[in-house]
Amino acid sequence: MPWSSPFHDPIQPPKGKPLVTLKDAADYIMALPKNAHDAPHWQIAMEQPIDAAEGRNFIMHARIAVLRAMNYGSPGPKTEPRRKAVKKHRIIRLTGSAAAPSCACC
């Protein structure tokens, strides 16, 4: 696939224009400061568009790698518990004649 291959959904960086193609993503990563560019998460984000442009990987993998690198270090979304707390029930044990079965067959 060529470098002009578009992402399925454009990537919106914190500042600047949206990243629409593999070339846009590569240019964005290359324009980062040296210390950020050399970070492992950005190195992975750079490998994926190269692999996608050379046909060794999918464009979606490149998109995910760039998004993960952009969101690296930021806290994830706060999630609410999915279940309500279980109500506490008291177990009553029947003893004596109340515990015996009430049918005539037993």
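Quick notes on this structure:
- Meets criteria (farther than 19 Å from residue 4 by Cβ and either acidic (Asp, Glu) or within 21 Å of the chain's Cα centre (by Cα) (or both)) for residue 49: no
- Helices (runs of 4 or more DSSP H) fully within the range 1-99 that include at least 2 residues being on the phi < 0 side of the Ramachandran plot and of a type in the set (S, T, N, Q): 40-53.
- Residue count for the range 50-68 under the criterion of being surrounded by 13 or more Cβ atoms within 10 Å (Cβ to Cβ) and without any contact (Cβ under 8 Å) to a residue 40 or more places away in the chain: the result is 8.
- One residue from 54, 80, 47 being at pLDDT below 90 and among the charged types (D, E, K, R): 80
- Tally, over the range 1-46, of residues that are under 11 Å from residue 65 (Cβ atoms) and more than 20 Å from the chain's Cα centre (by Cα): 1
- Candidate set from the range 7-22 (those that are surrounded by fewer than 18 Cβ atoms within 10 Å (Cβ to Cβ) and touching a residue at least 24 places away in the same chain (Cβ under 8 Å)); member that is farthest from residue 56 (Cα to Cα): 14
The values are calculated or read from the model by the stated rules, or taken from the named source; none is laboratory data. On a predicted model such as this, the values are computed, not experimentally measured, just so you know. Virtual Cβ from ideal backbone geometry, glycine too; neighbours counted across all protein chains shown.
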